[in-house]
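Below is one structure, written out as structure tokens; comments come after it.
What follows draws every value from the coordinates through simple rules; no lab data is involved. Because the structure is a prediction, the values reported are computed rather than measured. Cβ atoms come from the backbone with ideal geometry, glycine included; neighbour counts cover every protein chain shown.
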Amino acid sequence: MAVPNIIETTQYLTFKLGDEIFALDVAKVREILDLTTITKVPQTPDFMRGVINLRGSVVPVIDMRLKFGMTMTEKTVNTCIIVVEVSMDNDTTVLGALADSVQEVFELEPDEIEPAPRIGTRLRTDFIKGMGKHDKQFIMILDIDKVFSIDEMIALQDQSNGNGVTEG
């Protein structure tokens, strides 16, 4: 059974968090950066590791492992920042998603994607577009626009606009 809102073949960028493989629509990915210096911003959620300077723009960096309840991302030779565009309420925010490693880009047909599993009513899974399979491994296809709540997105936008930094 295919996912109803996925109607065309799409290219996905896969990346690892721990032993799990996740995927993003490549249309949402701006670029992939080697891990660089991340400046910590006080009084932000744990999953927000800080900000980076990307060609003169302040870009918030999210530790996807922490966001998904895993342990903090460790710095390795493969650790990278996936720069993505997140849309919410007709506004686009650029942010960096910290990942253990980037795998590959490949295409999935709509009939190769199963709906996200239902895990009861208390757990949010609306940010999982579906489950794909590639090389005999399950891949969680993320809807990056739904990974963050509206409150989290407002906080991230404030960080990238410099509004979240208070002087004392």
## Note on the structure
Here, trypsin sites (Lys or Arg not before Pro) of region 41-121 satisfying both criteria (DSSP loop; at most 14 other Cβ within 10 Å) are 55, 75, 118
#### Entry: Rounded to whole Å, sorted largest first: equivalent-ellipsoid semi-axes of region 1-139, Cα gyration tensor
26, 17, 16
#### Entry: Rg and Dmax of region 66-118, Cα atoms only, in Å
14.7, 37
